[in-house]
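A short write-up of the structure that comes next.
Just so you know, all these numbers are worked out from the coordinates, no wet-lab data involved. Fair warning: this is a prediction, and the values are worked out from it, not measured in the lab. So basically every Cβ, Gly included, is an ideal-geometry build from the backbone, and we count neighbours across all protein chains shown.
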Amino acid sequence: MAANQSRGIRNNNPGNIDYNPENNWKGQLPFDPVLEKRFCRFQSAEYGIRALMSLLGTYQRKYKLRTVAALINRWAPTNENNTSAYVNDVTKDLGVSPVQEISVSDKKTAIALAKAIVRHENGSQPYPDEMFEKAFSLL
């Protein structure tokens with residue numbers, strides 16, 4: 001793996017999901033504080049993208065977060081992110097307003113949202129469409 005890759009790409013966790021010992025994501029590698037102190041690591045990017053999509057689904061089901069603004073405010077809290085810039089980036093990619101309701105159970109929406117998050121988190125979105133299709137099929 002190239003050292004110049006972003007942390008999310010190196011960890012196969014392009015959504016930069018924090019490690020939580022209570023979560024046991026499909027394809028998650030064992031926690032290793034020497035390799036990565038904060039974030040999950042996955043066997044493959046498909047599993048990292050799947051976890052990203054799964055977590056967004058949980059946000060919609062459990063917390064009733066139906067808009068990009070609501071989802072991103074939970075995903076990337078203002079205490080460590082420029083959340084308004086993040087929301088603007090994602091809504092531009094999706095072609096929706098920040099307060100327009102979306103459904104991540106819709107495959108096309110889930111994939112578009114995941115791609116936008118990956119791009120924002122890593123500065124680029126390097127994965128082919130097939131990888132997002134595969135990740136969605138693993139849900």
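Some points to look at:
- Of residues in the stretch 42-58 being of a type in the set (A, V, I, L, M, F, W, C) and assigned to a helix (DSSP H, G or I), the one nearest to the chain's Cα centre (by Cα): LEU52
- Identity of the residue in the stretch 41-62, aromatic (Phe, Trp, Tyr) and in contact with a helix residue (DSSP H, G or I) (Cβ under 7 Å, 6 or more places away or on another chain), that ends up farthest from ILE9 (Cα to Cα): TYR59
- Selected residue (only one of VAL99, VAL68 is touching a strand residue (DSSP E or B) at 6+ places or on another chain (Cβ under 8 Å) and of a type outside the set (D, E, K, R)): VAL99
- Residues satisfying the stated conditions in the stretch 123-138, i.e. touching a helix residue (DSSP H, G or I) at 6+ places or on another chain (Cβ under 6 Å), part of a loop (DSSP other than H, G, I, E, B) and either of a type in the set (A, V, I, L, M) or exposed (fewer than 13 other Cβ atoms within 10 Å of the Cβ) (or both): LEU138
- Just one of the numbered conditions (1) over 13 Å from the mean Cα position of the chain (by Cα); (2) within 21 Å of ASP106 (Cα to Cα); (3) touching a residue at least 60 places away in the same chain (Cβ under 8 Å) is not true of PRO14: (1).
- Selection from the stretch 59-91 of residues that are loosely packed, with under 13 Cβ neighbours inside 10 Å and either in a helix (DSSP H, G or I) or among the β-branched types (Val, Ile, Thr) (or both): ARG61, LYS62, TYR63, THR78, ALA85
- Flag if VAL118 is part of a helix (DSSP H, G or I), among the β-branched types (Val, Ile, Thr) and within 16 Å of ASN16 (Cβ to Cβ): yes
- Of the candidates SER103, SER97, the single residue that is touching a residue at least 40 places away in the same chain (Cβ under 8 Å) and more than 23 Å from GLN43 (Cα to Cα) is SER103.
- Residue count for the stretch 93-122, restricted to those that are among the polar types (S, T, N, Q) and surrounded by 17 or more Cβ atoms within 10 Å (Cβ to Cβ): 1.
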